[in-house]
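Colleague: Attaching a single structure in structure tokens format; questions to follow.
The values are calculated or read from the model by the stated rules, or taken from the named source; none is laboratory data. None of the values given here were measured: they were computed from a predicted structure. Every residue, glycine among them, receives a Cβ derived from its backbone with ideal geometry; neighbour counts consider all protein chains shown. What goes into the accessible areas is simple: the full protein's heavy atoms, side chains included, and nothing from ligands, DNA or RNA. Shrake-Rupley method; radii C 1.70, N 1.55, O 1.52, S 1.80 Å.
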Amino acid sequence: MSISAAATMITTISPAIVQKSQESSPLSLLPKCSSLREIQQLQAFAIKSRRLQWDNSFLSKLIDALTLNPAPPSMYHAHKLFDQISHRDAVLFNTLSRGYSRSHEPHQAIVLFCQMLEASIAPDAYSFPSLLKACASAHAFCEGKQAHAAAIKLGFASNAFVLPTLINMYSQCGDVKAARTIFDHGTDRCVISYNSMITACVQSSRPGEALALFREMQSRRLRPTYVTMLGVLAACALIGALYLGKWIHEYVKKNGFSYYVKVNTALIDMYGKCGSLEDAIGVFNGMEFRDTQAWSAMIVTYAIHGQGIVALKLFDEMLQKGIRPDGITFLGILYSCSHSGMVEQGLGYFRIMYSDYGIPPGIKHYGCIVDLLARTGKLEEAYDFINGLSIEPTLILWRTLLSACGGHGNVDLGKKVFNRIIELDDSHGGDYVIFSNMCALNRMWEDVNEIRKLMDERGVVKVPGCSSIEVDSKVHEFFASDGKHPDSKKVHRMVDEIMEQLKVVGYIPDTCKVHHVDLTEEEKEVSLRYHSEKLAIAFGLLNTPPGTTIRVVKNLRICSDCHSVAKLVSMVFGRQIILRDLNRFHHFAVGQCSCADYW
DNA sequence: AGCAAAGTGG
């Protein structure tokens, strides 16, 4: 059939399709189809002109177009068409499999691969990316490993397209070590493989390794892509290294990545998590186009800096501009409310998220509501809320409540919740510590001993507190009372000096939460004195010019004694201190904290 | 045809 004849036939089927194309072959028209109807018209044309029997390349394009169509029934139509084809080849299988992995039906993709083997059709290199992607998103580690073995057998494991998906699969299934081994042994380490590996490191909280890979890329003169920037910025956010982050920002500008909305969103997130609210606002204001994610990132950033009211204002502004919020936006909103004690508003937003926006609440939204209720002391309500849920409450939900019980000193409910938690998982040191502190606060020393014994028996260890501070683009880490840092003697002396000065203005060490029963008051004071955040602040006072801001990142929540010390230091030494908790910020200035002592 | 943000608790 001549091209002009084909064009005539299509014209009789749908003028809309022809309008979209200057070309006349049905193959080139396919990507321009935007609706299921248009694709099916082309399919009808293909059947009419008897192409269905012989042209697998055209059929593959047809299936691809069907699977790309966002309307839900497309996978069904694609599979139906696939079933009608008599001579299936690997390309057809791959195309349908890709469709399933795109439409989040990983199990179908895996099944399809098995069917291909059963039909004695040899997979090619392109069969593996979608299969591995499916295994990754389904967390199907066994299948993933089998797929890897098959890829090795067939000689496709070091293929440039297969390698990144292999890395991704291992990382998503939780085996980052294996991912790294594959990456290291890869013969063809391209930019995309580096991106996968960097992302894998970030997702497994190994920011240092991610940044090292970025440097390796540069020394190998591989040109990063914007995806590289997303990974590297996320790594900076994890470490909380503001100056390194600023350097990356410059790099982003110089290399033309500033126009990617996602990169700007990652920059907002990075500045937010590195403690610079102003820089985050600067990036947000400088964006020409902002999507839901960009607004959400900015809302969350205000929230973690204790500016809940501003976060809510921004949400209103977002709605006025006609940007649709998603589940994450509401998470930010609920988070803002719970961390600013706005119970009624929070419950209001929780109600409208489904009724007005059709967003079904997930476990994380429930977590925020539990936090919202419990943090303000409505502990029983929070308990009832958890028990009334239609889904099985997770550990985190109980943990949220336990931590609030600790904050409000409610040992009775706290004990009930604690027992519930260790039934589910008795290996988490943090839970024991919260409950033990709660008991110590109520002078229930036998219980404190009991908990200690339980921890020893079960071999539970608590995560040591660690604070870090970036000075001259080097990150210094401090652990409580440790002598690992080269300057530790000097730092300890500095802490002693600080304490003397603070006592003059009325500081009294808050020893009631130190849960070593057999310590004297003085010994308790000493154990409190060398908490990691105090060491880091002392190091900051010693090694940064007077008047500059001290930025500290801590891996646990700040204790109340360190909180009051930081407030006093900000006043006595005339320094602003910005301290990052596990997931929020404390801005200390002239004796006050931005969290208004509510954290 | 591969990599791809934002997110409850501690």
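Colleague: Among the residues of the range A:176-194, is any in a helix (DSSP H, G or I), within 20 Å of the chain's Cα centre (by Cα), near DNA strand B (Cβ under 9 Å from one of its atoms) and surrounded by 23 or more Cβ atoms within 10 Å (Cβ to Cβ)?
Modeller: Checking the range A:176-194: at least one residue is in a helix (DSSP H, G or I), within 20 Å of the chain's Cα centre (by Cα), near DNA strand B (Cβ under 9 Å from one of its atoms) and surrounded by 23 or more Cβ atoms within 10 Å (Cβ to Cβ).
Colleague: Here's a follow-up. Which one is nearest to the chain's Cα centre (by Cα), of the residues in the range A:569-599 that are aliphatic (A, V, I, L, M) and at positive phi?
Modeller: As a first pass, look at the range A:569-599 and keep what is aliphatic (A, V, I, L, M): A:569, A:571-572, A:577-579, A:582, A:589-590, A:596.
Narrowing the set further to residues that are at positive phi leaves A:590, A:596.
On the way: A:V590: 34, A:A596: 27 Å.
This residue is A:A596.
Colleague: List every residue pair whose Cβ atoms lie under 8 Å apart, where the two residues are 6 or more positions apart in sequence or sit on different chains, the first residue falls within the range A:257-271 and is more than 16 Å from A:T301 (Cα to Cα), and the second residue, located anywhere, is among the small types (G, A, S).
Modeller: A:V261/A:A294
Colleague: Another question about this same structure. Out of all the residues in the range A:440-451, which are open to solvent by less than 100 Å² (accessible area, probe 1.4 Å) and without any contact (Cβ under 8 Å) to a residue 40 or more places away in the chain?
Modeller: A:N442, A:M444, A:D447, A:I451
Colleague: While we're on this one: Quick one: in the range A:393-426, which of the residues that are more than 21 Å from A:K364 (Cα to Cα) and polar (S, T, N, Q) is least open to solvent (accessible area, probe 1.4 Å)?
Modeller: A:N410
Colleague: Identify the single condition in (1) within 19 Å of the chain's Cα centre (by Cα); (2) closer than 26 Å to A:A140 by Cβ; (3) surrounded by fewer than 18 Cβ atoms within 10 Å (Cβ to Cβ) that A:T199 does not satisfy, given that it satisfies every other one.
Modeller: A:T199 satisfies all of (1) within 19 Å of the chain's Cα centre (by Cα); (2) closer than 26 Å to A:A140 by Cβ; (3) surrounded by fewer than 18 Cβ atoms within 10 Å (Cβ to Cβ) except (3).
Colleague: Here is a further query. Please determine whether any residue of the range A:544-553 is open to solvent by 50 Å² or more (accessible area, probe 1.4 Å), at positive phi, in contact (Cβ under 8 Å) with a residue 24 or more places away in the chain and out of contact with any Phe, Trp or Tyr (no Cβ under 7 Å at 6 or more places or on another chain).
Modeller: Among the residues of the range A:544-553, at least one is open to solvent by 50 Å² or more (accessible area, probe 1.4 Å), at positive phi, in contact (Cβ under 8 Å) with a residue 24 or more places away in the chain and out of contact with any Phe, Trp or Tyr (no Cβ under 7 Å at 6 or more places or on another chain), which makes the answer yes.
Colleague: Could you give every pair whose Cβ atoms fall below 9 Å, whose first residue belongs to the range A:159-175 and is within 13 Å of A:D188 (Cα to Cα) and more than 10 Å from DNA strand B (Cβ to nearest atom), and whose second residue is among the polar types (S, T, N, Q) and open to solvent by less than 20 Å² (accessible area, probe 1.4 Å), counting only separations of at least 6 or pairs across chains?
Modeller: none
Colleague: Could you list, in sequence order, the residues of the range A:351-370 that are within 13 Å of DNA strand B (Cβ to nearest atom) and touching a Phe, Trp or Tyr at 6+ places or on another chain (Cβ under 8 Å)?
Modeller: Step one: filter the range A:351-370 for residues within 13 Å of DNA strand B (Cβ to nearest atom), giving A:359-370.
A:I359, A:P360, A:P361, A:H365, A:Y366, A:C368, A:I369, A:V370 - these are the residues of the range A:351-370 that are within 13 Å of DNA strand B (Cβ to nearest atom) and touching a Phe, Trp or Tyr at 6+ places or on another chain (Cβ under 8 Å).
One line per residue, one yes/no per condition, for (1) among the aromatic types (F, W, Y); (2) open to solvent by less than 40 Å² (accessible area, probe 1.4 Å); (3) outside the structural domain of A:L213 (by TED's automatic domain parsing):
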site	(1), (2), (3)
A:P224	no, yes, no
A:L242	no, yes, no
A:W247	yes, no, no
A:Y260	yes, no, no
A:L267	no, yes, no
A:M270	no, yes, no
A:Y302	yes, yes, yes
A:H305	no, yes, yes
A:F330	yes, yes, yes
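Colleague: Does A:K262 satisfy being out of contact with any helix residue (DSSP H, G or I) (no Cβ under 9 Å at 6 or more places or on another chain), part of a helix (DSSP H, G or I) and not hydrophobic (A, V, I, L, M, F, W, C)? Explain how you work it out, then say what you get.
Modeller: Details: out of contact with any helix residue (DSSP H, G or I) (no Cβ under 9 Å at 6 or more places or on another chain): no; part of a helix (DSSP H, G or I): yes; not hydrophobic (A, V, I, L, M, F, W, C): yes.
It is false that A:K262 is out of contact with any helix residue (DSSP H, G or I) (no Cβ under 9 Å at 6 or more places or on another chain), part of a helix (DSSP H, G or I) and not hydrophobic (A, V, I, L, M, F, W, C).
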